[in-house]
Amino acid sequence: MIPRYTLPEMASVWSEEAKLGHWLDIEVLAVQGWARVGRVPEEDAATIRERAVAPTPERVEEIEAVTNHDVAAFVQAAAEPIGEAGRRWLHFGLTSSDVLDTALALQLRDAADIILGRLDTLLATVRRRALEHRDTICVGRTHGVHAEPTTFGHKLALWAFELDRDRERLRRAREAVSVGKLSGVVGTYSQIDPRVEEFVCGELGLRPAEAASQVVQRDVHAEYVAALALTAATLEKMALEVRHLARTEVREVEEPFGRGQKGSSAMPHKRNPILCERICGLARVVRSNLQAALEDVALWHERDISHSSVERVILPDSTIAVDYMLSLAERVVVGMRVFPDRMRANLDATGGLIFSQGVLLALVDAGLDRDEAYELVQSAAARGWDQGEPFRDVLWKEIAARGLLEKDRFDALFDPQPFVRNLDGVFARLEKLDTPDSPKE
């Protein structure tokens, strides 16, 4: 991922220095494991522990120019400051994927922890703003067309519960991918004691793979990217809603616009939803990476390396992108301006058309059969849509002429409050969500 979208903490997870540090930890722990089972002399293991230093990326790259093999280059470079014990025992009984896949699990776990922290923060912010606007009436839209009244807080509650589900999916994916393997070239432990794998994984806080070929099976990595893609989809959904509501003709909300910010190089009046557009764009990247992750599941026999080049791109990029998207979403939700008066004006813009279902049901209650009531209301709505006549006035003339409803009863049908009277249960559940700022028992 380009530096523009890479935040420092996540960048450190995927740095060459961090990767080589993990590789060294695994190699040194493997030597300790061998010493515990009596294969490596304890004095050699102690020497390796004391002298081991992660080689620089530059030194590994220099050697790799000759070996054309990154792990072989690393092992050679790591052995240099150790001496004979390092040259003899580093990488003993291991294959490259033992180191690569176990280290990758550590990086993915660290990345997940950063993302989960940001998710917690965003969920708390969305929850707070949803409760703030629980009674802010606005029009609901289906197919992009006015439907019935809702509240802006209800819109945000939908986001909060979805983010909570994303959080749970990421927690499960973090657990699934926290798996290591040190079982050799086809996973049969032919040249390594299973107790070494158990020791190394235990020290790293990983669980040993239940079974492995030369590699950890890639369904767990696909599950991880799927959780990231779903989180990105949620963030895109949130951003797209803000973009729609920020349109000039709607202008019910506005993403934050900072002092000194310029919306256009040519048009000084512009306040474009650039943060939300950036979220929507990056969601496409993460979503497309899931396809590649799924294709990495099927490898030839016990392993080929067709997955390796893909993962070097999609795993860092997906975690970096979602981390950045979450930070953008937090900025948007914290600084989002909400315009309740504009929401009410838009709700009233159709002359009462959005109350058609309530009128329909009231007419059925008054004794009309449903088809007759539907035709009466639809006809009045058509005149409102097509001829610009106020729906409410056209409808009342017809209803009054036929003596179907009292005026007070009719007028009450155009009050938006009854439409949202049953949302208390939603907000009660929202208040119970586990967030960093929610009350603790």
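The selection criterion, being out of contact with any Leu (no Cβ under 8 Å at 6 or more places or on another chain) and more than 29 Å from HIS143 (Cα to Cα), holds for PRO436.
Determine, yes or no, whether ASP113 is within 26 Å of the chain's Cα centre (by Cα) and among the charged types (D, E, K, R). Yes, satisfied.
Looking only at residues of segment 1-49 that are over 30 Å from ASP323 (Cβ atoms) and of a type in the set (D, E, K, R), we find that the one that is surrounded by the most Cβ atoms within 10 Å (Cβ to Cβ) is ASP44. Whether a residue is of a type outside the set (Lys, Arg), assigned to a helix (DSSP H, G or I), in contact with a Gly (Cβ under 8 Å, 6 or more places away or on another chain) and over 28 Å from THR319 (Cβ atoms) was assessed, and ILE63 does not pass this test.
Taking the criterion of being of a type in the set (Gly, Ala, Ser), assigned to a helix (DSSP H, G or I) and surrounded by 12 or more Cβ atoms within 10 Å (Cβ to Cβ), the residues of segment 384-441 that qualify are GLY384, ALA400, ALA412.
Inspection of segment 321-343 identifies no residue that is at pLDDT 95 or above, more than 30 Å from GLU252 (Cβ to Cβ) and crowded, with 20+ Cβ neighbours inside 10 Å. Could you tell me whether segment 126-141 includes any residue that is assigned by TED's automatic domain parsing to the domain that holds ALA227, closer than 24 Å to GLU223 by Cβ and not acidic (Asp, Glu)? No; the residues of segment 126-141 include none that is assigned by TED's automatic domain parsing to the domain that holds ALA227, closer than 24 Å to GLU223 by Cβ and not acidic (Asp, Glu). Within segment 75-100, residues that are closer than 23 Å to VAL215 by Cβ reach partners that are aromatic (Phe, Trp, Tyr) with beta carbons closer than 7 Å, at six or more positions or on different chains, in the pairs PHE92/TRP34; VAL99/TRP23. Filtering segment 331-357 to residues that are touching a helix residue (DSSP H, G or I) at 6+ places or on another chain (Cβ under 8 Å) and free of Cβ contacts under 8 Å to residues at least 60 places away in the same chain leaves GLY351, SER356. All of (1) surrounded by fewer than 17 Cβ atoms within 10 Å (Cβ to Cβ); (2) within 14 Å of LEU235 (Cβ to Cβ); (3) not hydrophobic (A, V, I, L, M, F, W, C) hold for GLU168 with one exception: (2). When segment 192-251 is examined, which residues are found to be outside any loop (DSSP other than H, G, I, E, B), farther than 29 Å from ARG118 by Cβ and charged (D, E, K, R)? ARG195, GLU197, GLU198, listed by residue number. Among residues of segment 122-165 being outside any strand (DSSP E or B) and of a type in the set (Val, Ile, Thr), the one that is surrounded by the fewest Cβ atoms within 10 Å (Cβ to Cβ) is THR136. Name the pairs whose Cβ atoms lie under 6 Å apart, with the first residue in segment 313-330 and among the aliphatic types (A, V, I, L, M), the second modelled with pLDDT of 95 or more and not in a helix (DSSP H, G or I), and 6 or more positions between them or separate chains? Here the result reads ILE320/THR6, each pair linking segment 313-330 to a residue that is modelled with pLDDT of 95 or more and not in a helix (DSSP H, G or I). Taking the conditions (1) of a type outside the set (D, E, K, R); (2) buried (at least 20 other Cβ atoms within 10 Å of the Cβ); (3) not in a helix (DSSP H, G or I) in turn, LEU119 satisfies each one other than (3).
The values are calculated or read from the model by the stated rules, or taken from the named source; none is laboratory data. As the structure is a prediction and not an experimental result, all values here were calculated from the model. When we count neighbours, we look across all protein chains shown, and the Cβ atoms used for this are built from the backbone with ideal geometry, even at glycine.
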